[in-house]
Amino acid sequence: MKKFRRLASVLMLAVAVVFAAGCTKKDPHTDIKMKNVTDITASSAVVHAKAAALGGAVIAERGFMYDDKEPAHGTRVECGSGTGEFEATLTGLEPATEYKVLAYIIDGKGDQVGTNYIKFTTLGK
């Protein structure tokens with residue numbers, strides 16, 4: 001009976017250690033959020049986003065993609081790397097045109113993560 005209790009205690013301790021280690025380890029992951037579009041004119045707009053990296057993840061590149069049809073296939077504006085808020089001024093836009101813009105990041109593994117796009121319309125002439 002003593003051997004059984006001792007074995008049970010060792011097994012319970014091992015399970016507790018494995019469970020605790022699994023609970024404290026965080027998988028590296030990144031997050032990107034479009035914030036808003038400001039200062040819209042007939043030919044430009046300022047776009048804002050925020051990038052985050054958790055659990056040791058790395059953001060190798062961040063920026064925006066925009067187009068009047070499909071942002072993922074449009075113009076790409078790179079805004080450096082790392083975490084935090086960032087912005088870019090989109091220029092050369094057509095007056096009175098609806099654009100779609102999304103924020104993206106490329107993590108340290110080369111995987112691209114993007115947001116849902118935000119629509120905005122430039123002012124008329």
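About the centre of its Cα atoms, the stretch 72-125 shows a dipole size close to 180 debye [charges on the beta carbon of Lys, Arg (+1) and Asp, Glu (-1) only; nearest 20 debye]. Pairs from the list LYS35/LYS125; LYS33/LYS119; LYS50/LYS119; LYS35/LYS100; LYS33/LYS100 with a Cα-Cα gap above 20 Å: LYS35/LYS125.
Mean separation of Cα pairs under 8 Å and 6 or more residues apart, divided by the residue count, gives the stretch 28-124 a relative contact order of 33 percent. In the full protein context, the stretch 22-83 carries 56 Å² of accessible surface per residue, based on a 1.4 Å probe and ignoring ligands, DNA and RNA. Could you look at the stretch 65-118 and say what percent of its accessible area is carbon and sulfur, using a 1.4 Å probe and all protein chains? After summing per-atom areas, the C and S share lands at 42 percent.
The values are calculated or read from the model by the stated rules, or taken from the named source; none is laboratory data. Given the structure is predicted, the values throughout are model-derived calculations rather than measurements. Here the Cβ is made from the backbone with ideal geometry for all residues, glycine too, and neighbour counts use every protein chain on show. Surface accessibility is based on the protein's heavy atoms, side chains included, excluding ligands, DNA and RNA. Shrake-Rupley method; radii C 1.70, N 1.55, O 1.52, S 1.80 Å.
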